[in-house]
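Engineer: After the structure tokens below, expect a handful of questions from me.
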Amino acid sequence: MKKYVPFLLGFVVGILPLKAAETTQNDTTIRFNQKIIYLEDSIGQIKVKVYDNDSQSYKPIYEGIFTDGKSYEKWTVIEEIGIQLPFLNKSKHHHHREYSMEPHWAGIGWGFANISDQNYKLNNIDGVSLKSESSNEFFFSVIERILPVYRNNVGLTTGLGFNWKNYFLDRNTHLMEVNDVTSVYSAPAGINYDYSRLRTFQITVPLLLEIQPTLGRNHRFFVAAGVVGGVNTFASYKVKYKDANGNTVKNVESKGLNVAPLTLDFMGQIGYGSCSVYAKYSPFSIFQSKKGPDVRAVSLGAMLNF
């Protein structure tokens, strides 16, 4: 039945000049291809009704109301299997401009990194004290996809990205693995660290529920929340200091350090257009269980989407 709609609309447009000249009749009846078509013309509005006359039962199968900028259409037929269901209607209301959903994962981001315990206390956790003003994360996301699940306003976002985190230890301490356990140790006597840094690198994959409400003619505000899983591919510990002769020493002390091979972060994001802010918290320790301090990653920062 929908294949006749362009014909009907074309006919309506073509007949309007003729109807404008009529003064005694405002309705028109047309018989076409075993269908009866009624046109009702009133000020600012046109109604189209179509009845099936195949079985002489005159079953209503289509109704359309067209006005400036708005339309209403009702069908009472399932065309795919050819069975009429008079009480099953499919309606379409066009009141707002249609928007497509754009995901907000691909791009770059930077934020402050810190550590927490399971009670959400920040820093100074299980013997680890960070320089909060220096610790940071940087991520670069290259692939994104979104699956709309409700009216192009709610969708599921996924993709692929890369994440670097730098944790700078405070109190002139460093991490070191001894007997397969990573712990915090003070710097050797006479050495003051310029920095003492743990760096990790992950490949990340998100699963975020993204909401993009239509606010008038605007579809740019969005909120997203979900999880970001990751695979740790590299971890190293580096220190920088001056020796007794005043020479600068940069030394990678160890690699691995029993950092957990998999990561999981809860993530929340809110933004407008291509700019947003985010917060992340991991319910799991940065290190493997019983092989390092029990500290969870947290971060807060900003993103610029491509």
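Engineer: Tell me, which residue of the range 104-155 that is closer than 26 Å to Thr214 by Cα and charged (D, E, K, R) is surrounded by the most Cβ atoms within 10 Å (Cβ to Cβ)?
Structural biologist: Among them, the one singled out is Glu144.
Residue by residue, here is whether (1) surrounded by 14 or more Cβ atoms within 10 Å (Cβ to Cβ); (2) of a type in the set (Gly, Ala, Ser) holds:
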| position | (1), (2) |
| --- | --- |
| Gly161 | yes, yes |
| Val184 | yes, no |
| Asp194 | no, no |
| Pro213 | no, no |
| Phe222 | yes, no |
| Val227 | yes, no |
| Val239 | yes, no |
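One line per residue, one yes/no per condition, for (1) out of contact with any helix residue (DSSP H, G or I) (no Cβ under 6 Å at 6 or more places or on another chain); (2) within 21 Å of Leu175 (Cα to Cα); (3) not in a strand (DSSP E or B):
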{"site": "Phe222", "(1), (2), (3)": "yes, no, no"}
{"site": "Ala225", "(1), (2), (3)": "yes, no, no"}
{"site": "Gly229", "(1), (2), (3)": "yes, no, no"}
{"site": "Ala235", "(1), (2), (3)": "yes, yes, no"}
{"site": "Gly246", "(1), (2), (3)": "yes, no, yes"}
{"site": "Thr263", "(1), (2), (3)": "yes, yes, no"}
{"site": "Val277", "(1), (2), (3)": "yes, no, no"}
{"site": "Lys280", "(1), (2), (3)": "yes, no, no"}
{"site": "Gly301", "(1), (2), (3)": "yes, no, no"}
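Engineer: Which numbered condition trips up Ser183, out of (1) over 28 Å from Met101 (Cα atoms); (2) outside any strand (DSSP E or B)?
Structural biologist: Just one mismatch for Ser183, condition (2).
Engineer: Also, I was wondering about something else. So Phe287 fits all but one of (1) within 21 Å of the chain's Cα centre (by Cα); (2) buried (at least 19 other Cβ atoms within 10 Å of the Cβ); (3) in contact (Cβ under 8 Å) with a residue 60 or more places away in the chain; what number is the exception?
Structural biologist: All conditions pass for Phe287, except number (1).
Engineer: Restricting attention to the range 238-268, report how many residues are touching a Gly at 6+ places or on another chain (Cβ under 9 Å) and either in contact (Cβ under 8 Å) with a residue 60 or more places away in the chain or among the hydrophobic types (A, V, I, L, M, F, W, C) (or both).
Structural biologist: 10
Each value in this text was obtained by applying a stated rule to the coordinates, not by laboratory testing. If you're wondering where the values come from, they're calculated on a predicted model, not measured in any experiment. Here the Cβ is made from the backbone with ideal geometry for all residues, glycine too, and neighbour counts use every protein chain on show.
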